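Visitor: Just passing along the structure, written as structure tokens.
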Amino acid sequence: MERTWVRFASLVLSVAALLCWLVMFLAGTDVWHDTGRPDLWNLSGPPYEDLRAFVGAFYVLALALAAHVVIAAASLVRRSRQAV
């Protein structure tokens, strides 16, 4: 029971991180639409390679954050069931 607050804090922080990712996604979508929906995958030049790398890392980050939320929630539930 003494370590439950750590698991709860981990869950809260990971949910907050996932919500921040969602805000960044929505802001990026607005910028993408305002710039005329550039075709990042087929354009060449210095900024587009960096943008493709950013997009790839951005979506991998979403998967990592979602996995952390699931693991933190499962850990909290398992710990609370053991305490009962």
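Visitor: Measure nothing but the geometry: give the 0 to 90° angle between the long axis through the Cα atoms of 46-83 and the longest principal axis through the Cα atoms of the chain, rounded to 10°.
Guide: That helix lies at roughly 10 degrees to the long axis.
Visitor: Ok, one more. Report the extension gain between Ala64 and Asp50 in nm, rounded to one decimal, defined as 0.36 nm multiplied by the number of residues separating them, less their alpha carbon distance.
Guide: 3.0 nm
Visitor: Can you show me the helix-derived [θ] at 222 nm for the chain, built from DSSP H runs with n ≥ 4 at -39,500 (n - 2.57) apiece and divided by the number of residues, rounded to the nearest 500.
Guide: -30000 deg cm²/dmol
Visitor: Moving on. Which one, Ala67, Ala53, Ala16, has the greatest fluctuation when you compute a Gaussian network model over the chain with C-alpha springs under 10 angstrom?
Guide: Result: Ala53 has the largest fluctuation of those listed.
Visitor: Quote to one decimal, in nm, the extra length available between Val6 and Met24 on full extension: 0.36 nm per residue of separation minus the C-alpha distance between them.
Guide: Result for the pair: 3.8 nm of gain on full extension.
Visitor: Considering only Leu11, Leu65, Leu22, give the residue with the highest GNM mean-square fluctuation for the chain, with springs between Cα atoms whenever their separation is below 10 Å.
Guide: In the Gaussian network model the winner is Leu22.
Visitor: Can I ask one more? Of Gly36, Gly56, Gly28, which has the largest mean-square fluctuation in a 10 Å C-alpha GNM of the chain?
Guide: Gly36
Visitor: For Cα extents along the principal axes in Å, the listed values are [x] 44, 29, 18; [y] 36, 34, 17; [z] 59, 20, 14; which was obtained by calculation from the structure presented?
Guide: Comparing each candidate, only [z] matches the computed number.
Visitor: Plugging the Kirkwood radius over Cα pairs into Stokes-Einstein for segment 43-84, at a temperature of 25 °C and a viscosity of 0.890 mPa s, what D comes out in µm²/s?
Guide: Details: Rh = 12.7 Å.
Approximately 193 µm²/s, per Stokes-Einstein.
Visitor: Can you work out the PRE-style zone for Gln82? Point 7 Å along Cα to Cβ, and I want the residues of segment 3-40 with backbone N under 14 Å.
Guide: 3-8, by backbone N distance to the label point.
Visitor: How do the peptides 29-35, 58-64 rank, highest first, by the average count of neighbouring beta carbon atoms within 10 Å per residue?
Guide: 58-64, 29-35
Visitor: Once the piece of chain linking Ala74 and Leu43 is laid out straight, how much longer is it, given 0.36 nm per residue of separation minus the C-alpha distance between them?
Guide: 6.9 nm is the gain from fully extending Ala74 to Leu43.
FYI, it's all coordinate maths here, none of it is from the lab. Worth saying up front: this structure is predicted, and the values here are computed from it rather than measured. FYI the Cβ positions are ideal-geometry reconstructions off the backbone, even for glycines, and counts take in every protein chain you see.
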